[in-house]
1. Please identify the pairs in which a residue from the stretch 66-92 that is under 12 Å from Ile40 (Cβ atoms) has its Cβ atom under 6 Å from the Cβ atom of a residue that is of a type in the set (Asp, Glu) and not in a helix (DSSP H, G or I), counting only partners at least 6 apart or on another chain.
2. Run Arg206 past the list (1) crowded, with 19+ Cβ neighbours inside 10 Å; (2) touching a residue at least 60 places away in the same chain (Cβ under 8 Å) and report the number of the one that doesn't hold.
3. Go through (1) within 30 Å of Lys122 (Cβ to Cβ); (2) of a type in the set (A, V, I, L, M); (3) at pLDDT 65 or above one by one and return the number of the condition Leu220 breaks.
4. I need the full set of residues from the stretch 132-150 which are in a helix (DSSP H, G or I) and surrounded by 10 or more Cβ atoms within 10 Å (Cβ to Cβ), in order please.
5. When only residues in the stretch 246-265 that are part of a helix (DSSP H, G or I) and at pLDDT below 90 count, which is farthest from the chain's Cα centre (by Cα)?
6. Considering each of Ile173, Ile156 in turn, give the residue that is among the aliphatic types (A, V, I, L, M), on the phi < 0 side of the Ramachandran plot, touching a Leu at 6+ places or on another chain (Cβ under 6 Å) and in a helix (DSSP H, G or I).
7. Sort through Lys47, Lys84, Lys128 and tell me the only one that's in a loop (DSSP other than H, G, I, E, B) and at pLDDT below 75.
Amino acid sequence: MDYYTRHIKSNPDWHFVDIYTDQGISATSTKKREGFNRMITDALGGKIDLIITKSVSRFARNTVDSLTTVRQLKEKGVEVYFEKENIYTLDSKGELMISILSSLAQEESRSISTNVTWGQRKRFADGKVSMPYKNFLGYEKGEDGIPKIVEKEAQIVRQIYKLFLKGNTPSGIAKKLTEEKIPTPGRKVKWQSSTVESILKNEKYRGDAILQKEYTVDFLTKKKKINEGEVPQYYVENSHPAIISPETFELVQEEFRRRREAGRYTSAINCFASRIVCGGCGGFLRKKSMALKQQIRHYRMALQ
C-alpha cells in the first residue's frame, strides 16, 4: 500500500484516487472481495481511467473473472496495467497475454488447493482433531492443542441433554435457553432449535470425533458438500475429554429414534411425556388437571 501510494503520487501525469485492497482474501473468486468490487464500481462510474496492479495473479486467479472484468473496463475506456508482466490491457496483445497468464495463475491455485486438501486429509487419517472453537460450546483450545473443557459452558451442554431426556423438544429447549438469556455458541441472543439439535447429535461431546464430515467440491467456488461416502471419513474414539458420558449420549440418540418412529413430538417437561400410549386408539395419554372437577364436586356437596 505504501509503495503504490508513493509510486502513483510521484508521477505528475497521474492523479491518485485510492488504494483498493483485499487482505487475506483468495483471488479465485471476486464475490467476497469488497476492495476489488469497490474499485471496479468506481472505474465503471468514471472515477478511474487507469488501474495499476502488481500482477495478473493479484488481480484475479480465475480466468473467467479476469477476462470478464478486463472487457467490462475496456468498454468504458479504463485500462489496467500489470506491473510485473508489463501488460497494458488496451494494447492489442494485452488480452491474449492475460488469458495465458490468468490460466497459469488459476492452475497454480488448483495446485495449492490440492496440496492443502492432501494435508488436511493426512491430518484426518492421523486422527488429529480440530474444532471451530469460536462457534463451539463447551471447549477451548488447550495448551497442548487438545480441546479443553470450559466448565461454565459445559454446564449448559449438560442442561440441554438433561432437558431433552426429560421430554423437552429442541424448540422447547431453545425457547427456555433464550428466556434465560444464555448466549448461543455463536454468542447470539436467540437460540434456534437446529442449534440445540446439533449439540444433541454431536459426537464430540462424548469425547469422540468424526473427521471429514464435509469436503470442498470446487476450489474456485469453495463450495462444500456433506460427505456421503465420496471421500474417506474417520471416527476417532477418546480423542479429547468428554462433557457427556457415552451412555447419556446413546440414550439421547435412542430418544431421537423413538420420537421419529412415533411421528409425534412433545414439549412436556416430565419424563412420562409421549411414553404412555392408549391401547385402544394409540394416542398418547396426557396429564389433566383435576382442579375443575374438584370444584364441581365441592359445589354439589354445598348444594346438598
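The values are calculated or read from the model by the stated rules, or taken from the named source; none is laboratory data. Here the structure is a predicted model, which means the values were calculated and not measured. FYI the Cβ positions are ideal-geometry reconstructions off the backbone, even for glycines, and counts take in every protein chain you see.
1. If the second residue must be of a type in the set (Asp, Glu) and not in a helix (DSSP H, G or I), the pairs left are Val78/Asp49.
2. Result: Arg206 passes all but (2).
3. Exception for Leu220: condition (3).
4. Just the residues of the stretch 132-150 that are in a helix (DSSP H, G or I), to begin with: 133-135.
Hits for the stretch 132-150 are Tyr133, Asn135.
5. Taking the stretch 246-265 as the starting set, the residues that turn out to be part of a helix (DSSP H, G or I) are 246-262.
Those left that are additionally at pLDDT below 90: 258-262.
On the way: Arg258: 30, Arg259: 28, Arg260: 27, Glu261: 30, Ala262: 32 Å.
The extreme case among them is Ala262.
6. Numbers: Ile156 fails: touching a Leu at 6+ places or on another chain (Cβ under 6 Å).
Ile173 is the lone residue from the list that is among the aliphatic types (A, V, I, L, M), on the phi < 0 side of the Ramachandran plot, touching a Leu at 6+ places or on another chain (Cβ under 6 Å) and in a helix (DSSP H, G or I).
7. Working: Lys47 fails: at pLDDT below 75; Lys84 fails: at pLDDT below 75.
After applying the criteria, what remains is Lys128.
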